[in-house]
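Read the figures in this text as sums done on the coordinates, not as results from a lab. Just so it is clear, the model here is predicted, and its values are computed rather than measured. Virtual Cβ from ideal backbone geometry, glycine too; neighbours counted across all protein chains shown.
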Amino acid sequence: MNNFDFEKSFADYPLNDLKAKWKKEQEEKYKGLNENQIRHLKAVDYCKSMNEDVGYLKYGDCNKCLNRGYIHYLDENDNLCAKDCDCLKSRKSRQLIAFSGLKNVIENKTFSSYIAKENWQKALKETAFKYTLCKDEWFLIAGQSGIGKSHLCSAIVGELLKQNKQVIYISYIKHIPELKQLTLEKDTYNDLLNSWLKCEVLYIDDLFKIALSESDKITVLKIIDYRYINNFKTIISTELSLNDIKKADEATFGRIKEKCKDFVIEIGKDSSKNYRLN
């Protein structure tokens, strides 16, 4: 085997030519600038290069931070600083959704996968999609089982996640009883409840599906009232009619209806509209 001549190989490599070319480019770039201007441009270039690094965070793909989770910027003195990217909120939401077992639901139950053959289905789909473009309004879809309420709510959540919104999902029949079981564990109870109260977007599925106790009414009203006062977006699906919700708890119903404005959908009982039966 021939011995490789490292010294000769590197001597033949045009390293000096590259250095000379780079030096010439730098001289042209900074020509006519004073020391402070040159220092500023160098800081800008360095900041730009740092923002070109690709990260490896899961639960989303962000074109702003390139999945690092933070963005570099320069302060007024050209010091390099970093701030959290907006995508971190939606990443946390996607992680929580994945842990809840809804990851596949959010991925599969989209607006494009919602089949709207009848005019009433097209109207549902259009109204739900319009909601994703609104700021603070709430969304309520109530009534007949099997019309795609959860599908459309999941599609809304998917779109809001794309907007880097923080979304938390709770199932009324699962999570409200779980919260009640934590009553004696004060810190855990408060942490869980506060996450529902203060998240950017809350999706409550199957509201009031099981029989209400007085403590259930108080818990739901506490959640609804806090979010009502603070203008936090809330998405609600239920098999109850609007009148049944009102009978269950008038105070809760009044706040929901006021915040939903034009985004209250009610489908009366009609088994012919239940896609699970047809």
| remark: FRET efficiency (Ala251, Leu133; Cβ distance; R0 25 Å; to 0.05) is 0.25
| request: Enter the mean projected area of the convex hull around the alpha-carbon atoms of the range 127-209, in nm², rounded to one decimal. | output: 6.0 nm²
| Selection from Ala123, Tyr73, Tyr56 lying farthest towards where the dipole of the range 47-148 points positive, charges on Cβ | Ala123
| message | 5 Å is the cut-off here: which amide hydrogens, built 1.01 Å from N in the peptide plane, fall below it relative to Gln166, excluding neighbours closer than 5 in sequence? | response | Glu200, Val201
| Taking only Cα atoms, what is the 0 to 90° angle, nearest 10, from helix 15-29's long axis to the longest principal axis of the chain? | 70 degrees
| Given DSSP loops and a limit of at most 12 other Cβ atoms within 10 Å, what is the longest stretch of the chain that contains no such GluC sites (Glu not before Pro)? | 186-278
| said: Whole-Hz ³J(HN,Hα) for each residue in the range 143-153, computed from phi via Karplus 6.51 cos²θ - 1.76 cosθ + 1.60 with θ = phi - 60°, x for glycine and proline: what do you get? | reply: x, 2, 6, x, 9, x, 4, 5, 4, 5, 5
| query | Give me the Kirkwood hydrodynamic radius of the chain in Å, from all C-alpha pairs, to one decimal place? | reply | 22.8 Å
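Run the numbers on the chain and let me know its relative contact order in percent, using alpha-carbon pairs under 8 Å that are six or more apart.
18 percent
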| remark: Rounded to the nearest 10 degrees, the helix 119-131 long axis (Cα) sits at an angle to the longest Cα principal axis of the chain of 50 degrees
| request: Return the sequence-ordered ³J(HN,Hα) values of the range 180-186 in whole Hz as given by the Karplus equation 6.51 cos²θ - 1.76 cosθ + 1.60 applied to θ = phi - 60°, using x for Gly and Pro. | output: 4, 5, 9, 3, 7, 9, 3
| What's the center-to-center distance, using Cα atoms, between the range 93-172 and the range 196-258 in Å? | 17 Å
| query | So what is the orientation-averaged projected area of the range 16-85, using the convex hull of its C-alpha atoms, in nm²? | reply | 6.4 nm²
| field | Residue among Thr110, Ile210, Tyr169 farthest towards the positive dipole end of the chain, charges placed on Cβ | value | Ile210
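In deg cm²/dmol and to the nearest 500, what is the mean residue ellipticity at 222 nm of the chain if only DSSP H runs of at least 4 residues count, each as -39500 (n - 2.57), divided by the residue total?
-15500 deg cm²/dmol
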| field | Cross-link table Lys58/Lys122; Lys58/Lys217; Lys130/Lys246; Lys122/Lys269, entries beyond 29 Å C-alpha to C-alpha | value | Lys58/Lys122; Lys58/Lys217
| Contact order relative to length of the range 16-85, as percent, for alpha carbon pairs under 8 angstrom and 6 or more apart | 22 percent
| query | Along the range 190-195, what does the Karplus equation 6.51 cos²θ - 1.76 cosθ + 1.60 (θ = phi - 60°) give for ³J(HN,Hα), rounded to whole Hz, x for Gly and Pro? | reply | 5, 4, 5, 4, 5, 5
| remark: From fewest to most C-beta neighbours within 10 Å, the residues Asp249, Asp45, Asp225 line up as Asp45, Asp225, Asp249
| Nonlocal amide H pairs with Gly143, under 5 Å, H built at 1.01 Å | Thr238, Glu239, Leu240, Ile267
| message | Charges at C-beta only: +1 for Lys and Arg, -1 for Asp and Glu. How large is the resulting dipole of the range 89-273 about its Cα centre, in Debye rounded to 20? | response | 560 debye
| Between Asp244 and Ile115, what is the label-to-label distance in nm when each label sits 7 Å out along the Cα-to-Cβ direction? | 2.6 nm
| task | Run a plain Debye calculation on the range 37-188 (Cα atoms as equal point scatterers, no solvent) and give log10 I(q)/I(0) at q = 0.09, 0.12 Å⁻¹, rounded to two decimals, same order as the q list. | result | -0.46, -0.70
| query | Angle between the Cα long axis of helix 250-260 and the longest principal axis of the chain, 0 to 90 degrees, nearest 10? | reply | 40 degrees
